[in-house]
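Accompanying notes for the structure given below.
The values are calculated or read from the model by the stated rules, or taken from the named source; none is laboratory data. Quick caveat: nothing in here was measured; it's all calculated off a predicted structure. Virtual Cβ from ideal backbone geometry, glycine too; neighbours counted across all protein chains shown.
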Amino acid sequence: MAYAAFRSIGAYVPSKILTNEELATMVDTSDEWITKRTGIKERHIAGENETTSDMGVEAAKLAIERSGIDSSEIDMLICATISPDYFCMPSTATIISTKLGLGNVTAFDISAACTGFVYILSIAKAFIESGMKKNILIIGSEKLSAITDYSDRGTCILFGDGAGAAVISATDNKDEAIIDVHTGADGSYADLLMTPNGGTGSPHDSLEQEAKSCFMQMKGNETFKVAVRTLTKDVVEILADNNLNGTDINHFVPHQANYRIIKAVGDALKLTQKQVVITVEKYGNTSGASIPMAINDIYEKGILKKGELILLDAFGGGLTWGSALVPFSPLK
Ligand code: ACO
């Protein structure tokens with residue numbers, strides 16, 4: 001049986017920075033409020049003509065280069081995004097695939113909001129273990145600034161843009177293999193976080209409504225409570241299922257939505273500060289890109305070493321959630 005190994009990581013962050021102070025000139029908020037309630041100090045914003053696929057391409061180039069696997073050997077590409085280049089079609093994955101010159105490989109998007117990267121990791125693992133594919137490029141890329149309402153202080157302070165990518169490939173060595181991935185969803189909480197954007201559930205009836213309804217809307221406080229509960233339950237379960245505990249984990253990489261959520265989950269698991277990876281202060285919430293961007297951060301700082309065990313934990317619109325136990329297994 002083939003196993004799936006997490007070979008490499010890459011990320012891309014647009015150069016433009018939007019600080020809390022700048023946001024305070026746009027809506028009724030302050031650096032103090034945002035820092036205290038979320039831990040976010042700044043977020044990066046893509047250029048006007050920079051698309052989700054453009055950012056995904058840059059992250060993917062790094063992940064491929066670092067994987068030691070030739071791009072001609074990539075046989076599938078999956079992109080997690082809630083801010084695709086085009087709603088409905090074509091998928092952002094097909095655009096990225098062509099920009100990278102990957103040929104006619106299988107390419108598709110999935111929509112699981114902030115849990116997107118854990119979802120595509122589980123799909124890649126399943127395709128490789130089944131023997132159907134050998135080298136899969138997975139990408140989380142988001143231009144959330146394009147679907148953020150900058151007159152709504154409850155959401156515009158949270159979100160940023162960026163992309164992260166990884167190469168997952170087949171191995172015979174079980175010690176290198178992704179140990180487990182859990183995913184789940186509950187549509188009864190769908191209204192907590194949504195873009196009521198003219199889909200068949202809510203067709204547009206005016207141009208004005210069309211513009212506004214493309215933006216994200218969130219019941220932040222309710223989402224916060226469900227997030228802490230779900231994220232904690234999720235990691236407790238995946239650790240127990242695999243006879244592991246918090247001390248076995250080298251790096252806990254949760255979805256970067258809010259410092260207080262991350263702290264609450266880390267404390268519940270009795271993880272040390274050194275184990276918990278936090279990037280929310282500089283990137284804000286980049287949804288499906290947040291986890292690979294955070295993994296890339298510890299990789300580029302030299303903190304993430306070959307053979308170390310990463311615990312992923314995500315939560316997002318849908319509602320969706322997921323966790324994963326991933327040894328870092330680069331070829332070089
Ligand atoms: N600046 C100043 N005051 C504000 C702001 C702001 N930016 N936003 C809200 N307030 C006010 C509210 O109006 C409210 O005022 P009131 O008490 O007079 O009514 C007060 O601050 C408290 O508001 P809450 O919404 O209760 O604040 P909370 O502490 O919950 O923080 C936040 C809000 C940061 C949004 C938090 O709820 C949160 O992080 N939620 C979870 C986000 C999340 O995890 N999302 C899921 C993933 S995202 C995805 O899937 C795309």
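For the condition under 16 Å from P84 (Cβ atoms) and either over 18 Å from the mean Cα position of the chain (by Cα) or of a type outside the set (F, W, Y) (or both), S141 qualifies.
Tell me, please, whether a residue that is away from the ligand (no atom under 14 Å from the Cβ) and either among the aliphatic types (A, V, I, L, M) or modelled with pLDDT under 95 (or both) can be found in the stretch 23-39. No, there is no match, as no residue in the stretch 23-39 is away from the ligand (no atom under 14 Å from the Cβ) and either among the aliphatic types (A, V, I, L, M) or modelled with pLDDT under 95 (or both).
Set side by side, the residues I82, I96, I17, I74 differ, and just one is away from the ligand (no atom under 16 Å from the Cβ) and closer than 16 Å to S141 by Cα, which is I96. Of the residues that make up the stretch 76-97, is at least one of a type in the set (S, T, Y) and closer than 20 Å to N296 by Cα? Yes, the stretch 76-97 has at least one match. Taken over the stretch 283-322, the residue count meeting the criterion of being in a strand (DSSP E or B), within 12 Å of the chain's Cα centre (by Cα) and under 21 Å from G39 (Cβ atoms) is 7.
Restricting attention to the stretch 283-311, which residues are away from the ligand (no atom under 16 Å from the Cβ) and in contact with a Gly (Cβ under 9 Å, 6 or more places away or on another chain)? Residues satisfying the conditions are I295, N296, Y299, L311.
Of all positions in the stretch 248-258, at least one carries a residue that is assigned to a helix (DSSP H, G or I) and touching a strand residue (DSSP E or B) at 6+ places or on another chain (Cβ under 7 Å). Among the residues of the stretch 156-192, the ones that are assigned to a loop (DSSP other than H, G, I, E, B) and of a type outside the set (V, I, T) come to 5 in all. Within the stretch 267-313, the set of residues being under 12 Å from F328 (Cβ atoms) and of a type in the set (K, R) comprises K305, K306.
When A46, A60 are checked against the criterion of being among the small types (G, A, S), over 30 Å from L309 (Cα atoms) and crowded, with 20+ Cβ neighbours inside 10 Å, a single residue qualifies: A46. Entry remark, the stretch 263-282: residues being assigned to a helix (DSSP H, G or I) and either surrounded by fewer than 22 Cβ atoms within 10 Å (Cβ to Cβ) or free of Cβ contacts under 8 Å to residues at least 40 places away in the same chain (or both) number 7 in total.
The residues in the stretch 6-32 that are outside any loop (DSSP other than H, G, I, E, B) and in contact (Cβ under 8 Å) with a residue 60 or more places away in the chain can be counted, and the count is 10. Within the stretch 179-222, if we keep just the residues that are among the aliphatic types (A, V, I, L, M) and away from the ligand (no atom under 13 Å from the Cβ), the residue that is modelled with the lowest pLDDT turns out to be L207.
Scanning the stretch 134-147 for residues that are crowded, with 21+ Cβ neighbours inside 10 Å and either among the acidic types (D, E) or assigned to a loop (DSSP other than H, G, I, E, B) (or both) yields a single hit, E142. For the stretch 72-102, give me each residue that is buried (at least 18 other Cβ atoms within 10 Å of the Cβ) and polar (S, T, N, Q). Once the filter is applied, which keeps residues that are buried (at least 18 other Cβ atoms within 10 Å of the Cβ) and polar (S, T, N, Q), the stretch 72-102 yields T81, S83, S91, T92, T94, S97.
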